[in-house]
Each structure stands twice: as C-alpha cells, then as structure tokens.
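No lab work stands behind these numbers, since they all come straight from the coordinates. This structure is a prediction, so every number in the text was calculated from the model and none was measured. As a convention, Cβ positions derive from the backbone with ideal geometry for all residues, glycine included, and neighbour counts pool all protein chains shown.
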Amino acid sequence: MGSLAEGMEFIGDRSIWELPKTAFLCSRKVPAAQVLKCYDWAIAMREAGQCVMLGAHSPLEKDVLHYLLKGTQPVVLVLARSLLKRMDPVLQAEVDKGRLLVVAPFAKEVRRVTKETADARNAFMLAHAQAVVVGHVAPDGQLASALANVEVQVTRL
C-alpha cells in the first residue's frame, strides 16, 4: 500500500494510511443524473465501513466527504496543497476521533490549489489506491488523461 513519504505532511492517525483505500475522483462538472449516484455510493461505502480517499476540492467531492463523515469508517483527505494553518472544526473533530487522516503531498510552500497541484494530487491518489471509483469523467478533461494509465480497477458510477 505504500507508506507516507518522508517530508510529507499529515494530520491524524497515520495507521489509517495502511488500510486498503478506495479513491473517489470526479470531474468538476457533473451531469445532474450522476450526482445522486455519487451520494448513494458514498452512503453505501459509509455503511460498509470502507476506507475512502478523496480530495474534496470540487463541490461534489465536498458533498461526498460530508456523507462519509456521518459514519464511523476511516477517511483519507488528500489536499492539493500543503496543510492548512487552521483546520476546519468539523474536520478537526474527525481527526480527534481518530478516523480522519489529512495528507498533504506537497512542500510547505505550496499554499494555493492550482490545476497542476490538483493533477498531482489525483496522480498521488491513483498511485496509492487499491480501487478507484469515478463519479464522472469529462471526455476531454484532465481526469480522463490521468485515468488512462491506472493499474488498479476503476469503476465508473
């Protein structure tokens, strides 16, 4: 499963990283018909107690994170920047419960999310996931090209 690299920043229970993880990725623009499928999937993962890794950058990813955090299963949040100086109180509460691991695979100087850091974050997630679930892939988007060389099972909702 790979360990967290030296120099990588993280907050939370590092042992969560060793669990089998399903990465959730989604293009920024999602057809309305796919939104409910993504919510249903998140609820099913929550009820099954499965560890999900996601970026929570797009509105839909934030919604999926919201559904996941209503459960008790472990969650890995991977940022497309360095760690935040102040953690959102909801996220901090989940870190304190020992069920949320926040990972920042970037140097401390990377303070803004860019297209490049989002792409790098997605590549990092794809490299460390045991399975990948995709809410929607825009045919000409960055996610489509990132998924082209993935070696793990990719499920499209």
Self-check item: Total formal charge among the other residues, if their Cβ is under 15 angstrom from that of residue 110, Lys/Arg +1 and Asp/Glu -1
Solution: +3
Quiz item: So what is the diffusion coefficient of segment 1-150 in µm² per second by Stokes-Einstein at 4 °C and 1.567 mPa s, using a Kirkwood Rh over Cα pairs?
Solution: 84
Self-check item: Net charge of Cβ neighbours under 12 Å - reference residue 73; Lys, Arg +1; Asp, Glu -1
Solution: +3
Exercise. Find the lysine pairs in the chain meeting two conditions, Cα atoms under 22 Å apart and a separation of 8 or more places or different chains, and report how many there are.
Key: 17
Practice problem: Just report the Cα centroid separation between segment 22-61 and segment 82-157, whole Å. | Solution: 12
Quiz item: Which percent, nearest 5, of DSSP beta bridges in the chain are antiparallel?
Solution: 15
Quiz item: Label-point separation (nm) for residue 88 and residue 33, each offset 7 Å from Cα along Cα-to-Cβ?
Solution: 3.0
